[in-house]
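Heads up: the structure comes next, in structure tokens.
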Amino acid sequence: MVKREKYLGKLRNLRDVNVIKVVTGIRRSGKSTLFKQFQEELIASGVKEKNIIYLNLEELENAPLLNAYVLNDYIMKMADKKRKNYVFLDEIQMVSGFERLADSLFVKDFIDLYITGSNAYFLSTDLATLLTGRYIEIPVLPFSFAEFVSGYEARVFDETFDRTFGKSKIEIFNDYLTYGGFPEVSNLLNAGKAQNVKDYLSSVYNTILEKDIMKRNKIRSKFDFENLVKFMFDSVGNIVSPNNIANTMTSAGNKISKETVDNYLSHLIDGFVFYHAQRYDIKGKKLLQTLGKFYAVDLGFLSAIFHRDTQINIGHHLENIVFLELLRRENKINIGKTDDTEVDFVVQTPQGNTEYIQVAWTAKEESTFEREIRPFEKIKDFNRRILLTADVEPATNYKGIQKINVIDWLLNN
């Protein structure tokens, strides 16, 4: 089992701190496993098992507890009022009146509360209003490439990317690009069951769309919604807007309004299926309201659901992987505009620094390299500039522009 060390570190730091720990993320991204790993650490530190209360509220046996008052009474009977109790509620949005439940448990000094949700909707409800300043969100994504690598039995690689034990870094990266980073996908691949990956991803995808999005948001036209999702996966890394999405889909024979597209996109973002990056005018130092980009939470859906060849639009798929990694590293991310050129990412680091990042599958040809660095040359400040490629060569520096192998960058956290 891969230890989610980044997220575990956050939970350790927040243990016994008087805030609710709210773990969010797409279904099957590893939230429940994270809770189990943290519970093991609590027990190892001396916490008694009876003082850990864990409930997965999607399990059928917990159906009688899906009412705030009933669940509150159940937890109060289980809790030891004289000791600290660690309460973990998985998929709390299943509970009717969960906002009042969270508030009631929060004010008990003998309870340290941890909750998860698979849809951002539950944070945009009364919970956020009721508990302003009293919760900290911990967003969880599928495996990073570093975590994906650690899921393989072979963990020793040399610096020249040659095969040593098992698979090389390049081979594992191709798996990551093709199959994505869901934890169970990593387990299947590591067990030699790649043939089962597509069925698994199809099951996850259908559950997310039908249960977490369509049913919750009462979407009437499954046909329109599924066509929009396909359009968005095909448009990863492209600049789009609700208006041009509606026009393009309508021209293709699927009449749909801008307002409907806008609503569907909001639901997909709330369901953690896509993330939106706004455009930023570097010269004018301002955010632009139109023509952003959308990135998928996991590229495995592309090959599993839509049977797309990952070698097609591979540059955009690589860009998607970089975006998710920047998100994991807690950066603020926009796409950049400078005069008539585009910069893939304008990044504000947690330390407050600005970085500019270009992503290309290869930049070995001189003409390609010049095209990729042209936007950098139009930027007049002295912030860090990075060109990430899959080219297998040592890092170089050209006029202050760092060219770095993307696999090295992904593994150097």
| field | Rg and Dmax of the stretch 232-284, Cα atoms only, in Å | value | 12.4, 39
| Rough spin-label spacing in nm, given labels placed 7 Å along Cα→Cβ, for Arg374 and Leu287 | 2.9 nm
| message | Whole angstrom only: what separates the Cα centroid of the stretch 279-321 from the Cα centroid of the stretch 88-137? | response | 32 Å
| remark: A 1.4 Å probe over the protein heavy atoms gives the stretch 40-114 a carbon and sulfur accessible-area percentage of 52 percent
| Summed side-chain charge close to Leu411 - residues other than Leu411 whose Cβ falls under 11 Å, Lys, Arg +1, Asp, Glu -1 | -2
| query | Put Lys215, Lys167, Lys36 in order of accessible area, largest first, 1.4 Å probe: what do you get? | reply | Lys215, Lys36, Lys167
| task | Once you have the Kirkwood Rh of the stretch 238-338 from its Cα pairs, apply Stokes-Einstein at 4 °C and 1.567 mPa s and quote D in µm²/s. | result | 86 µm²/s
| said: Nearest 10 degrees is fine. How inclined is helix 5-14 to the longest principal axis of the chain, computing both from alpha carbons? | reply: 40 degrees
| Using a cut-off of 25 Å between alpha-carbon atoms, which lysines can reach Lys108, once sequence neighbours fewer than 8 places away in the same chain are excluded? | Lys10, Lys21, Lys31, Lys36, Lys48, Lys50, Lys77, Lys81, Lys82, Lys84
| query | How are the Cα pair distances of the stretch 1-140 distributed, in percent, across 5 Å bins from 0? | reply | 2, 10, 22, 25, 23, 14, 5, 0
| task | Tell me the label-point distance for the pair Asp408, Glu259, using the 7 Å Cα-to-Cβ offset, in nm and rounded to one decimal. | result | 5.4 nm
| field | Accessible-area value, Phe106, 1.4 Å probe, nucleic acids and ligands omitted, Å² | value | 20 Å²
| field | Within the chain, percent of DSSP bridges classed antiparallel, to nearest 5 | value | 40 percent
| task | Please report how far the C-alpha centroid of the stretch 1-63 lies from that of the stretch 375-413, rounded to the nearest whole angstrom. | result | 37 Å
| remark: The computed P(r) of the chain puts the percent of Cα pairs beyond 43 Å at 15 percent
| Residue among Pro242, Pro64, Pro183 with the largest mean-square fluctuation in a Gaussian network model of the chain, springs linking Cα atoms under 10 Å | Pro64
| field | Positive minus negative residues near Asn56 (Lys, Arg vs Asp, Glu; Cβ under 11 Å) | value | -3
| field | Extension gain (nm, one decimal) between Ser221 and Thr248, 0.36 nm per residue minus Cα-Cα | value | 7.9 nm
| message | I'd like to check one number: the per residue accessible area of the chain, probe 1.4 Å, reported in Å² as a whole number. | response | 47 Å²
| query | Expressed in nm to one decimal, what extension gain is obtained for the pair Leu14 and Glu393 from 0.36 nm per residue of sequence separation less their Cα-Cα distance? | reply | 132.3 nm
| remark: Helix 197-207 sits off the longest principal axis of the Cα atoms of the chain, rounded to the nearest 10 on a 0 to 90 degree scale, by 60 degrees
| task | Please compute the net charge surrounding Gly253, taking Lys and Arg as +1 and Asp and Glu as -1 over other residues with Cβ under 14 Å from its Cβ. | result | +1
| remark: Excluding residues fewer than 8 positions from Lys6 in its own chain, the aspartates and glutamates with Cα under 12 Å of it are Glu147, Glu330
| query | Between the helical axis of 314-328 and the dominant principal axis of the chain, each derived from Cα atoms, what acute angle in degrees is found, rounded to the nearest 10? | reply | 40 degrees
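The values are calculated or read from the model by the stated rules, or taken from the named source; none is laboratory data. These numbers were taken from a predicted model, which means no experiment stands behind them. In this analysis, Cβ positions are derived from the backbone assuming ideal geometry, glycine residues included, and neighbour counts consider all displayed protein chains. Only protein heavy atoms, including side chains, enter the accessible area calculation; ligands, DNA and RNA are left aside. Shrake-Rupley method; radii C 1.70, N 1.55, O 1.52, S 1.80 Å.
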